Amino acid sequence: MSNLTLDHVVKRYSSVTVVKDVSLAIDEGEFVSLLGPSGCGKTTILRMVAGLIDPSGGTIRIGDRDVTRLPPNKRNIGLVFQSYALFPHLTVHENVAFGLRRKGQSGAALDARVGEALAMVRLAGYGERYPRQLSGGQQQRVAMARAIAPRPNVLLFDEPLSNLDAKLRDEMQIELKRLQRELGITTLFVTHDQAEALSLSDRVCVMQDGVIQQFAEPETIYRRPATAFVASFIGKPNRLAGTIRGGRVALDEQLELRSESDLSGDGRPVEVFIRQEAISLAASGDESVNRIAGTVALRSFSGPQVKYVVRIGSDQELVVEAPSSGPAGDLAPGQPVMLEVHPQDVLVLSRETAP
Amino acid sequence: MNDQRPTLPVTTIALLVVVFLQIPVIVVVLASFSETSYLTIPPQGLTLKWFEAVLTDSAYLGAIRNSLVLAIGATTISMVLGVAASYALFRKMLPGSEALTSLLMSPLIIPSVVIGVALLQYFTLVGLRGGFVVLLLAHVVITVPYIVRSALASLSGIDLSVEEAARCLGADGFTAFRLVTLPLIKPGLVAGALFSFVTSMENVPVTIFLAGPRQTTLPILIFTSVEMGVDPSVAAVSTLLIIATVLVLFFAERWTGFHRFV
């Protein structure tokens, strides 16, 4: 068990820099997700940690050991692939035993370790089968057993659940979290699924264009996104243009909102993020909240939730999510509504230069 | 159309084509049992004396031995070189991979006679002539495309991350290849090796330019015997070749199911 440190890691491909000066310190036993859209460099980082790609610059350390120039087989890592990458010509037992055999184990000790690993992923008794005889979820569990059996210092996951259907994915998330807790292995988990990252991780590292946007606990990422990118990537926020005016944020001439974000710099152009689920359609009578008058433009029913598009101010729109069973579940288009938003849910961030 | 069975005319034509294609083989096999001293169909009488003649004739035995040594040697060398080259080409380890692949495959397209003449000139220029080594090198050139083709096809059929998985689990590059990639591409390689072997065994146009008197191979001997007048021993040796080929293909298919890669 060791911590994992990336120090000013860079990866360049001829003219393109896909990872730009990334520094990241992951504590021993910690579960960290790399989250971002495809092409943000998260998989490249994972593969550099595994040793499958050479970094163009910087250092990677596992524990006290500089592994930057070591081949994958000298790093003592476990990698779980998106495609599972099981050895199709070997039985489940031999798949799991592969890493142990490379460490010179054999006989009863080896069988015991394989059995232990298979039991951990609840596949005891499946040893004699071949990967093709297993379901997708079972294959994924074999891949995990194979990765953990040699007791690696660091576990790496490359979008391991994205090939599974939604229900199975939920089960596997819980399984994976339980497993990681039991073993206490430092884990780096790459995903583009924000819900997965938030629910599994101790800390989440949000990336864009090869740069870390924010590295923090899931709650912080969700509640206090550091940049406009993080705010727009996490959750389903409304994104509006605004201007700072007298300690408030103005959406247009009439509409001003209170916020707990930094509102300094009069006249500064900003972006305002309000989450769909943070907007209330019920009158609370609380004086400290923002009240926004609007008109329902569209209603969309999706079972437990109803979504409304509400026209506010002169020409802006907010998407509002409400429980369909509540009093606000049955508003018709054209109906005037009063929206309430708590100042802490109005996020004001500097406008990004790039759109 | 729910009925997947071919109609009667289609079946008839297919059968006729198959029979037509097999007629030369049938003729040769039948002729080898004839008691006459010339080739004739249907065979007159029934005898195994031509087989005996072949198997006691030192010229034939020497040629069979030459051919086998050459085919096994060329296939072994082609296998090592071809698999290594295919792996590098497939992994795009080299610049100009596409061009190199075309270059390696070119002996399939260029007429064999041209290759034969070209190699003769080349070996004369560099001062290598009329020896087993020359013949072996030439046969490597003409057999390597079969190995490369089947190896590339097999490699493209496997998930490359399995080898990465092996490396992450503590196997060095060669061990990962040996324990994971190689077993997965084996059926394709067996198919390629068989093609390579057969190509070397039956080659006339390249061999005839390069073989010295002591390197006469079986097809060259058959070729020259036919020129000098045909007796059924030629048919007998051909029959032996056919039987050997059928047996090899049968067992290779049983062991590896290689037909998927042909």
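As a footprinting exposure proxy, order B:HIS139, A:HIS8, A:HIS93 by other Cβ within 10 Å, with the fewest listed first. Display every interim value, and only then the final one.
Details: B:HIS139 26, A:HIS8 12, A:HIS93 18.
Going from sparsest to densest Cβ surroundings: A:HIS8, A:HIS93, B:HIS139.
Taking H placed 1.01 Å from N in the peptide plane, check which residues at least 5 places from A:ALA297 or on another chain put their amide H under 5 Å from its amide H.
Those lying under 5 Å, H to H, from A:ALA297 are A:VAL309, A:VAL310, A:ARG311, A:GLY334.
Residue-wise, which Karplus ³J(HN,Hα) couplings in Hz belong to segment A:125-134, taking 6.51 cos²θ - 1.76 cosθ + 1.60, θ = phi - 60°, and x for glycine or proline?
Coupling constants for segment A:125-134: x, 9, x, 8, 7, 9, x, 5, 8, 10 Hz.
What does the helix-only formula give at 222 nm for the protein assembly as shown: each DSSP H stretch with n ≥ 4 adding -39500 (n - 2.57), the total divided by the residues, and the result rounded to the nearest 500 deg cm²/dmol? Can you show the working numbers first?
Working: 20 runs with 271 residues, N = 617.
Value at 222 nm, helices only, nearest 500: -14000 deg cm²/dmol.
Once you order the gyration tensor axes a ≥ b ≥ c over the Cα atoms, which shape class does segment A:8-74 get: rounded for a/c under 1.5, otherwise prolate or oblate by comparing a/b with b/c? Intermediate results must be reported in sequence, preceding the final value.
Details: a/c = 1.79, a/b = 1.21, b/c = 1.48.
Taking the square roots of the gyration eigenvalues as a ≥ b ≥ c, segment A:8-74 is oblate.
Return the subset of A:LYS20/B:LYS92; A:LYS42/B:LYS186; B:LYS92/B:LYS186; A:LYS74/B:LYS92; A:LYS42/A:LYS74 for which the Cα-Cα distance in this structure is over 28 Å, preserving the input order. If you can, show how the numbers build up before the last one.
Working: A:LYS20/B:LYS92 25 Å; A:LYS42/B:LYS186 35 Å; B:LYS92/B:LYS186 21 Å; A:LYS74/B:LYS92 24 Å; A:LYS42/A:LYS74 22 Å.
Over 28 Å Cα-Cα: A:LYS42/B:LYS186.
Could you list which residues have their amide H under 5 Å from that of A:GLU217, counting only those 5 or more apart in sequence or on another chain, with H placed in the peptide plane?
A:VAL204
HN-Hα J couplings of segment B:9-26 from phi, Karplus 6.51/-1.76/1.60, θ = phi - 60°, integer Hz, Gly and Pro as x?
The phi angles translate into x, 4, 4, 4, 4, 4, 4, 4, 4, 4, 4, 4, 5, 8, 3, x, 4, 4 Hz.
Taking H as built 1.01 Å from N, whose amide H comes closer than 5 Å to the amide H of A:ARG275, not counting residues under 5 places away?
Distant-sequence amide H within range of A:ARG275: A:ASN238.
How large is ³J(HN,Hα) for each residue in segment A:92-103, as worked out from phi by the Karplus curve 6.51 cos²θ - 1.76 cosθ + 1.60 (θ = phi - 60°), to whole Hz, x for Gly and Pro?
Result, rounded to whole Hz: 4, 4, 6, 4, 5, 6, 3, x, 5, 4, 5, 8.
Helix A:107-120 versus the longest principal axis of chain A: what angle, 0 to 90°, nearest 10, using Cα atoms?
20 degrees
For segment A:187-326, what does the alpha-carbon gyration tensor say about shape, rounded, prolate or oblate, given a ≥ b ≥ c as the root eigenvalues, a/c under 1.5 as rounded, and a/b over b/c as prolate?
On the way: a/c = 2.10, a/b = 1.27, b/c = 1.65.
Note, shape of segment A:187-326 comes out oblate.
Mind telling me which of A:GLY36, A:GLY78, A:GLY313 comes out most flexible in a GNM of chain A, alpha-carbon contacts under 10 Å?
A:GLY313
Using only the Cα atoms of chain B, build the gyration tensor, take square roots of its eigenvalues as a ≥ b ≥ c, and label the shape rounded, prolate or oblate: rounded if a/c is under 1.5, else prolate if a/b is larger than b/c, else oblate. Provide the component values of the computation, followed by the final result.
Values: a/c = 2.19, a/b = 1.36, b/c = 1.61.
Since a/c reaches 1.5 but b/c is at least a/b, the shape of chain B is classed as oblate.
When Cβ neighbours within 10 Å are restricted to other protein chains, what is their mean count per residue of peptide B:157-164? Write out the running numbers ahead of the final one.
On the way: counts 0, 1, 7, 2, 9, 9, 2, 8.
Mean inter-chain Cβ contacts per residue within 10 Å come to 5.
Got a sec? How would A:SER280, B:SER32, B:SER200 order by Cβ neighbour count within 10 Å, fewest to most? Write down the numbers at each step before the final one.
Details: A:SER280 19, B:SER32 24, B:SER200 29.
Final ranking by Cβ density, sparse to dense: A:SER280, B:SER32, B:SER200.
What is the mean number of Cβ atoms from other protein chains located within 10 Å of the Cβ atom of each residue in peptide A:79-86, rounded to a whole number?
Working: counts 6, 2, 6, 1, 5, 4, 10, 4.
Partner Cβ neighbours, averaged per residue: 5.
Per residue and in Å³, how big is the convex hull formed by the alpha-carbon atoms of the protein assembly as shown? Please list the in-between numbers first.
Values: hull volume 164.1 nm³, N = 617.
Considering the Cα atoms of the protein assembly as shown, their hull volume per residue is 266 Å³.
Quick note: the coordinates plus some simple rules give every number you see, no bench work behind them. All figures in this text were calculated on a predicted structure; none of them were measured in a lab. Don't worry about glycine lacking a Cβ; one is built from the backbone with ideal geometry, like all the others, and counts go over all protein chains shown.
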